[in-house]
Amino acid sequence: MKRNRDLAKGYTPEVLEEKWYADWLDKGLFNAQVDKSKPAFSIVIPPPNVTGSLHMGHAFNNTFQDIMCRTRRMQGYSVLWLPGTDHAGIATQNVVEKSLAAQGTNRHELGREAFVEKVWEWKKLYGERIITQMKKLGNSCDWQRERFTLDEGLSRAVRKVFVELYKKDLIYRGKYIINWCSRCHTALSDIEVDYDDKPGKFYYVRYPFEDGTGEIVVATTRPETILGDVAIAVHPRSEQFSTLVGVRVRVPLTDRIIPIIEDNMVDPEFGTGCVKITPAHDPNDFLVGQRHNLPQLQVIDGEGFMNEAAGKYKGMSILEAREEASKDLESQGLLVKVEEMTHSVGHCYRCGTTVEPYLSEQWFVRAKPLAERGVKAVRDGKIHWIPEQWEKTYFQWMENIRDWCISRQLWWGHRIPAWTCADCGHITVSETDPAACEKCGSQNIAQDEDVLDTWFSSALWPFSTMGWPDKTPELDYFYPTSLMVTGFDIIFFWVARMIMTGLEFMDAEPFKDVYIHSLIRDEHGQKMSKSKGNVIDPLDMIEKYGADALRMALAALSTQGRDILLSPGKIETYRFFMNKLWNAARFALMNLDDAPVENVNLFDLSLQDKWILSRVQDTVEQETAQIDAYDVGSAARMLYDFVWGDLCDWYLEMAKPALKGDEGEDRKRATQAVLDEVFKTILPLLHPFIPFVTEELWEAFGYSEETPSIMNAFWPVVKYRFNVYDDMKDLQEAVRILRNLRAEAHVAPQQWVNSAVIRVDKPETVATLQDSLSIVSMLCRVKQIDILPTATPRPGESLSSVFASGEISLSVGDILDIAAEAIRLKQELVTIEKTVAASRARLDKPDFVSRAPQEVVDKERGRVDEGLSQIARLRENLESLGVKL
RNA sequence: GGGCGGAUAGUUCAGCGGCAGAACACCUGCCUUACACGCAGGGGGUCACAGGUUCGAACCCUGUUUCGCCCACCA
């Protein structure tokens, strides 16, 4: 076995990461195989926006998926991690429009075809960029299967789904109030609107009765919509107003006459207790209008300007018209008062422009029947949410779902496959472009100008990417996928809709588990954003610390139910960890021979050998369970502690004498064998988190001769365990106490102390320490350590400390500061007396003894016994120092 | 209005029924031939508050305070 005993002193990620990624691609190790002899594990990646660049959220999300994929691969699954990108309708169109604006032109000047061509150019330019960035992270995606939501295959799936839903009457077209972004110039679905509380004004306006016998006062935040009023509504049981029902009033600023009607939607407690009804510009009013058969009078156009019906206000923007109307009302004496109020205002989730309720012809998905199946699938346990609490969020939304507006007045996207006949008005919906109207045969048909909501195609992602609507071996083998990993912010946009379409078209859930992870924020808990300037760019971090360090940091910081506050400093911590691991490996390699260590006698294994081997087994067992529970945070932290704490701080230090040959050839060989075994096991355990460095070390240790890539290494299983934890605890405690005593006595670190005495009675402890004396001696730099029974008198001129099994004294000669030592011992005495008193108090309660489990009671009794003997020893010590108690 | 999280060391967070933990930061010493991206030692906590359940509560239950998120409403 060829070992690389010449590792560089420092670990340098750049070179090795590039080298190994290229190697993995070369060997096709990420490529998924339909292999029925193996269990399948599949994930479809949440496709990032094609014009976007990789941010920390992606890095975190992808790291999580990669950890799962790499683990499952090693565990013998046939793994598919399917990557791709999303055309991101509005977002992408906006970006390209902005660049056109910078060039002094716009999409209308270009025309639809040329514009779409331009967007494709962008896609080609930037789509590749984010893929390259994902590769830098180390993603083990099957790049041969990379998909894009506007690919031909996926577009075919989109059309098929649209047509089928239309045939099932689950898609319909109609004139409704929708959310309209006048900047993006398109309809938005309800969830594409973000609401914010904003200060506004509440205008109280007089509506005089037609006959001049009185007036009714109505409050509104939007006086410009008065121009579109078609009624005033009051609550049917309102004592104050119900008598007015049927009275006709004059609409201010116009000469129109409208009726007072009654409707339950009015809250008699709010405002003045009556409401002006503007069906064309308010969703609630729209419903009232439908119930009462009222006209829909539009006064604002799609650009956000007042139209012809607005009379003198025509051409004004909404805000100008609001201002102007307010002035006019005041001058006409129709304005009672204006109050300040805060109300929530909707904004476009892509550009932030205030969203207007707008009456227009749109396409909708009838969501309720689809949602019902989605709810059932989760209730039946077909899909598990992790953490489980998100299930509630999902149910709440699905059970109150509203129809989904899917048409967008954009050019970039899947064009709606519907053709309207100019002759008979019939709409032909078809998977293939029709030549003629299916009803009258006229060739005078025109395709709908609109495209579909980008989430319509994302909703099909789990099966459209695997070749649906064709029956493919991939679908058969990898669908339903095993896991979906995403943030809670797109549960409604994406997760819920994938579930609905998956159940409807595949008749099976799209994934068995949904893991919802937290959001990444900056170190102050602020959302990262370009405008705040607090963005931590994953690529910068990779450049500075390496992809492995970034991945390890993200994994280790991840917890459930709390946002992750990230800072470069935290990533640096894990960069240090990489260096630690690297140097531990370097040390091991410096001490290993090329020849494999064979025929090691079990009797040659020391306590620490057995201990570290057992700890490795614990690590195997725990990590396997943690990964199964998707708890990568605990797994990463445990690995960190194992490597740094157990392996480096303890085992490697303890192994040094044996490796130097101080303990003989057999012990040296045994220790080498242990080192070999530890690294051979721990590297695969670390690999899912830090793939690059583990691959490099896999090769350096020579393991690649058997298994060329660590990616193909077998996931370790628990093999054996030695019952040595108690012994090791004694040993570690002895070392810690001696080191502490040295520090107390201000002995210089490099100076050897002549002698120490450990006084213990328990035969096991005596035996353990006796066996490990040379190790203790080396770790604590004490030349001579004697193990004696506790009855032996305490050595003079020494510092001492009591511990569970006895007492340890370090002879320091005349440098002993008696006064300081007395203070220290007294403090120790106080602490122990306190714990003894606490334990006694517990034991004195009869209920404790009778009700607590026996082992807890025994433990408590043990504490008292131990404490008492420690107290006795401490008193003795204090007396011998001449301290009176 | 409905729902969901969080409150533990100076800071960021683990722990979620049996003597309060880590990482940074801080203090003392150390270039001890794997690592100064390091080593050894140390200080630092009424586990937000008030009740309850329990032999026993940071942990379970009920309130309260407080920070944050989501949904609905907002004429």
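Some points to look at:
- When only alpha carbons are used to place a centre, the stretch A:608-626 and the stretch A:526-595 end up 24 Å from one another.
- One chain, two ends: A:D771 and A:E239. Fully extended at 0.36 nm per residue, the span grows by 181.9 nm beyond their Cα-Cα distance.
- Computed label-point distance, nm, for sites A:N444 and A:F576 using a 7 Å Cα→Cβ extension: 8.0
- The local environment of A:H292, defined by Cβ-Cβ distances under 12 Å, has a net charge of -2 under the rule Lys, Arg +1 and Asp, Glu -1.
- Length gained on full extension, A:D433 to A:L843: 139.1 nm, using 0.36 nm per residue less the C-alpha separation.
- Between the C-alpha center of the stretch A:677-747 and that of the stretch A:232-268 there is a gap of 80 Å.
- Counting only residues at least eight positions apart within a chain, or on another chain, the lysines with an alpha carbon under 21 Å from that of A:K845 are A:K834, A:K859.
- Computed E for A:K368/A:K19 - FRET, C-beta separation, R0 56 angstrom, nearest 0.05: 0.55
- 0 to 90° range, to nearest 10: angle between helix A:818-844 axis and chain A longest Cα axis: 60
- In loop segments of the stretch A:399-507 as defined by DSSP, the GluC sites (Glu not before Pro) with at most 16 further C-beta atoms inside 10 Å of their C-beta are A:E431, A:E438, A:E449.
- Label-point separation in nm, A:R721 to A:A102, each point 7 Å along Cα→Cβ: 6.1
- Over 19 Å apart at the Cα level, from the set A:K668/A:K729; A:K19/A:K136; A:K123/A:K527; A:K610/A:K680, are A:K668/A:K729; A:K123/A:K527.
- The modelled label-to-label distance for the pair A:R5/A:R824, using points 7 Å beyond Cα in the direction of Cβ, is 4.2 nm.
- Cα gyration tensor category, rounded, prolate or oblate, for the stretch A:801-859 with a/c compared to 1.5: oblate
- Under 15 Å, Cβ to Cβ, from A:F241 - net charge with Lys/Arg +1 and Asp/Glu -1: -2
- Here the contact order of the stretch A:488-644, divided by its residue count and restricted to Cα pairs under 8 Å and six or more residues apart, works out to 22 percent.
- The residues neighbouring A:W611, those whose beta-carbon lies less than 12 Å from its own, together hold a net charge of -2 under the Lys/Arg +1, Asp/Glu -1 convention.
- Proximal lysines to A:K314, defined as alpha-carbon separation beneath 23 angstrom and excluding residues fewer than eight positions away on the same chain: A:K201, A:K276, A:K327
- Shape analysis of the stretch A:674-713 places it in the oblate category; the axes a ≥ b ≥ c from the Cα gyration tensor give an a/c of at least 1.5, with a/b not above b/c.
- FRET efficiency, 1/(1 + (r/R0)^6) with R0 30 Å, evaluated for A:K527 and A:E128 via beta carbons: 0.60
- Once backbone amide H atoms are built at 1.01 Å from N, A:R147 has A:G84, A:T85 as its partners under 5 Å, excluding neighbours fewer than 5 places away on the same chain.
- Fewest neighbouring Cβ atoms within 10 Å first, the residues A:T243, A:T420, A:T225 line up as A:T243, A:T420, A:T225.
- Set of aspartates and glutamates with alpha-carbon distance to A:K660 below 14 Å, sequence-local pairs under 8 removed: A:D593
Bear in mind that the values in this text are calculations on the coordinates, not laboratory data. Note that this is a predicted model, so its numbers are computed, not measured. Reconstructed Cβ throughout: ideal geometry from the backbone, glycine too, with neighbour counts over all protein chains shown.
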